[in-house]
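Here the structure comes first, spelled out in structure tokens, and everything after it is commentary.
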Amino acid sequence: MSTPPHPTRYVGIDVSKRCLDICPIPEEEIFFVSNDPQGIDELLRRLLQEARPELVVLEATDHYERLTSTAIAAVGIPVAVINPR
């Protein structure tokens, strides 16, 4: 009997100056971290240990997404920064 395939996992991040709203899909258990080095460290820990996404999608919000997207890419998780429109 074969094992069913694991569902594809994505993470969407809503970016603001002070906060990152994170929604892992398909789990959809939203969590929040601050948009600063400490919050991004917590995000990376959770992405690597819990969510293990195949792709993280962030909205381009002026320059507030840069530190987060760079940190995610640096740990080897594919990341896409998209226009929020």
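The values are calculated or read from the model by the stated rules, or taken from the named source; none is laboratory data. Bear in mind the structure is a predicted one, so any value in this text is a computation, not a measurement. Cβ atoms come from the backbone with ideal geometry, glycine included; neighbour counts cover every protein chain shown. Side chains are part of the model used for accessible areas, which takes the heavy atoms of the whole protein and leaves out ligands, DNA and RNA. Shrake-Rupley method; radii C 1.70, N 1.55, O 1.52, S 1.80 Å.
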- Residues that are more than 16 Å from Tyr10 (Cβ to Cβ), open to solvent by less than 70 Å² (accessible area, probe 1.4 Å), at pLDDT 95 or above and not in a strand (DSSP E or B), drawn from the range 32-63: Asn35, Asp36, Gly39, Ile40, Glu42, Leu44
- Considering (1) under 12 Å from Gly12 (Cα atoms); (2) without any contact (Cβ under 8 Å) to a residue 40 or more places away in the chain; (3) out of contact with any helix residue (DSSP H, G or I) (no Cβ under 8 Å at 6 or more places or on another chain); (4) open to solvent by less than 50 Å² (accessible area, probe 1.4 Å), say which one Pro26 fails and leave the rest. (4)
- Query: Which residue pairs have Cβ atoms closer than 9 Å, lie 6 or more positions apart in sequence or on different chains, and pair a first residue in the range 39-61 that is closer than 16 Å to Ala80 by Cα with a second residue that is of a type in the set (Asp, Glu) and open to solvent by 40 Å² or more (accessible area, probe 1.4 Å)?
  - Reply: Leu58/Asp14; Glu59/Asp14; Thr61/Asp14
- Task: Only one of these is at pLDDT 95 or above, surrounded by 12 or more Cβ atoms within 10 Å (Cβ to Cβ) and part of a loop (DSSP other than H, G, I, E, B): Ile77, Ile13. Name it.
- Result: Ile77
- Message: Going residue by residue through the range 21-31, is there one that turns out to be out of contact with any strand residue (DSSP E or B) (no Cβ under 6 Å at 6 or more places or on another chain), at pLDDT 95 or above, not in a loop (DSSP other than H, G, I, E, B) and not polar (S, T, N, Q)?
- Response: no
